[in-house]
Protein chains: 2
Amino acid sequence: MTMPVVPAINLAEKLSLFSQHWSPKIVSHYNGNEIMVVKVKGEFNWHSHPETDDFFFVLAGRIRIELRDGVVHLGPGDLYVVPKGVEHRPVADEEAHLLLIEPAGTPNTGDAATAAKKAQI
Amino acid sequence: MTMPVVPAINLAEKLSLFSQHWSPKIVSHYNGNEIMVVKVKGEFNWHSHPETDDFFFVLAGRIRIELRDGVVHLGPGDLYVVPKGVEHRPVADEEAHLLLIEPAGTPNTGDAATAAKKAQI
């Protein structure tokens with residue numbers, strides 16, 4: 001008997017579906033967290049998340065995460081978790097593609113008033 | 001002023017530090033979850049996690065996740081979250097490298113008696 005094939009989630013395929021920067025798209029869920037892909041370019045705003053760590057994994061390109069007292073440089077295959085409450089600013093000189101994980105409903109800017117609306121794709 | 005460089009976590013580098021199969025190594029933490037890399041080859045045991053979803057992301061190679069009523073085929077850049085309580089068996093015909101996320105203390109076999117001891121690297 002051949003088992004039915006359950007589709008995996010291919011992140012490159014998901015990333016091909018949109019072009020906006022700094023607009024995370026939900027691709028799956030894990031224990032009440034949203035798993036997202038995002039395209040970034042340029043400087044984001046300084047912000048922090050008082051209630052949650054912030055998971056970054058670089059799929060393509062390069063970014064830096066500026067902290068108030070240091071900087072993290074990330075390329076493909078690099079991961080960094082910004083601890084909760086720590087101010088940070090992601091910056092990408094050229095377009096980069098990231099995998100993000102945050103609890104459902106976390107505003108990407110740290111502020112619900114300015115946060116991107118996250119669609120599932 | 002040049003900011004101090006905070007090291008990112010390079011998963012390929014972490015994977016170069018060990019060779020055992022089915023022995024997840026903790027590389028970071030996220031909100032009480034362990035972020036792990038693992039090398040897999042062959043068939044794991046059938047198991048489920050009654051309390052948590054199970055996050056799989058393929059970094060290199062190919063695996064399949066057998067479910068009781070289907071099968072998920074994953075290659076590099078593919079992600080799948082096994083819902084909590086769902087029986088599954090990961091299988092890799094050739095060595096594959098994965099990123100895993102599970103709440104701290106989750107037994108990889110679904111059973112504390114047979115679970116791998118997870119070291120941080």
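We did not get these values from a lab; they are worked out from the coordinates using the rules stated. This structure is a prediction, so every number in the text was calculated from the model and none was measured. Reconstructed Cβ throughout: ideal geometry from the backbone, glycine too, with neighbour counts over all protein chains shown.
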Amide H contacts under 5 Å for residue B:52, restricted to residues at least 5 apart in sequence or on another chain and with H modeled in the peptide plane, are B:85
Given Cα pairs under 8 Å that are at least 6 residues apart, what percent is the relative contact order of chain B? 31
Test of understanding: in a Gaussian network model of chain B with alpha carbons linked when under 10 Å, which of B:100, B:74, B:17 would top the mean-square fluctuation ranking? B:17
Placing the label point 7 Å from Cα along the Cα-to-Cβ direction, what are the distances from residue B:94 to the equivalent spots in the other copies, shortest first, in nm to one decimal? 2.9
Seen from all sides and averaged, what is the projected area of the convex hull of the Cα atoms in the protein assembly as shown, in nm²? 13.3
Over chain B, the sum of -39500 (n - 2.57) across DSSP H runs of at least four, divided by residue number and rounded to 500 deg cm²/dmol, gives at 222 nm -1000 deg cm²/dmol
Projected area averaged over all directions for the convex hull of the alpha carbon atoms of the stretch A:34-117, nm², comes out at 4.8
With T = 25 °C, eta = 0.890 mPa s and Kirkwood Rh from C-alpha pairs, the Stokes-Einstein D of the stretch A:1-62 in µm²/s is about 173
In nm, what is the difference between 0.36 nm times the number of residues separating residue A:114 and residue A:19 and their Cα-Cα distance? 32.2 nm
Which residues make up the longest stretch of chain B that has no trypsin sites (Lys or Arg not before Pro) in a DSSP loop with at most 16 other Cβ atoms within 10 Å? B:1-61
For residue B:50, inter-copy label-point distances (7 Å, Cα→Cβ), nm, shortest first, read 3.7
